[in-house]
């Protein structure tokens, strides 16, 4: 499975480096295998180490569970202490996991994006892994009890080692990274599209719904979801933005030719930026 993942990442980055002459519409992004491949490898390493760290913790025993008090939870989050719902957890899963495939998949419906789809997938992998690296680093180093532990429900789940992984909300972060990435790429390829408000609205609504169900399920507090949402949305926008080519950021190069006062001809490029 690891070898397959490496080949997939390498393949998408390889497709991203195809000559621009093979494309009908210029891409607003610039990617290089020599730069982006090491970044993705680094993100995988950080994610793996954070996950390893989180798995070294032990779950709570019966006496530790009995000692938990809702009054110890900050007032901002206390309302959900003790929540537990298997149906809400299922709903959050059904929103989160498909969105990781559907969000980038919908981009393929655009001919302009589809002609650069290898590059788009490379950026998507980098975006989601950036959010995941921050998530696993957080749960690996910042233990926090899940809300449902403050109640009586959950059965054998209450002593699982992952029940101290409340901060921050991974489902929310990964969903936001996927949806905001899709909205950002759509925006950069179609800056004048009248569909912009609907695309960004959907990008914001889906992870918000995931956050709601994660709270109802007793998996995360409100603050966990706010941080997860912010991390995912930020990565979804920032990673593509960092790869934008100069011409699409208001910078343009124009050919410049003429004759100077001494009668010598000259040529070059004129750099201009829209303010």
Practice problem: Under 8 Å between Cβ atoms, at least 6 apart or on separate chains: pull out the pairs that start in the range 161-190 with a residue that is closer than 17 Å to residue 107 by Cα and in the same structural domain as residue 232 (by TED's automatic domain parsing) and end on any residue that is at pLDDT below 95 and surrounded by 23 or more Cβ atoms within 10 Å (Cβ to Cβ). | Solution: none
Quiz item: Given the residues 46, 6, which is the only one that is at pLDDT below 95 and either out of contact with any strand residue (DSSP E or B) (no Cβ under 9 Å at 6 or more places or on another chain) or in a loop (DSSP other than H, G, I, E, B) (or both)?
Solution: 6
Quiz item: Yes or no: residue 130 touching a residue at least 12 places away in the same chain (Cβ under 8 Å), under 30 Å from residue 195 (Cβ atoms) and out of contact with any strand residue (DSSP E or B) (no Cβ under 8 Å at 6 or more places or on another chain)?
Solution: yes
Practice problem: From the list 108, 91, 66, pick out the single residue that is assigned by TED's automatic domain parsing to the domain that holds residue 182 and in contact (Cβ under 8 Å) with a residue 40 or more places away in the chain. | Solution: 91
Quiz item: When residue 63 is evaluated against the numbered criteria (1) closer than 18 Å to residue 158 by Cβ; (2) touching a helix residue (DSSP H, G or I) at 6+ places or on another chain (Cβ under 9 Å); (3) surrounded by fewer than 18 Cβ atoms within 10 Å (Cβ to Cβ), which criterion, by number, is the only one it fails?
Solution: (2)
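The values are calculated or read from the model by the stated rules, or taken from the named source; none is laboratory data. Quick caveat, the model's predicted, so the values are computed rather than measured. Please note: Cβ atoms are built from the backbone with ideal geometry, for glycine as well, and neighbour counts cover all protein chains shown.
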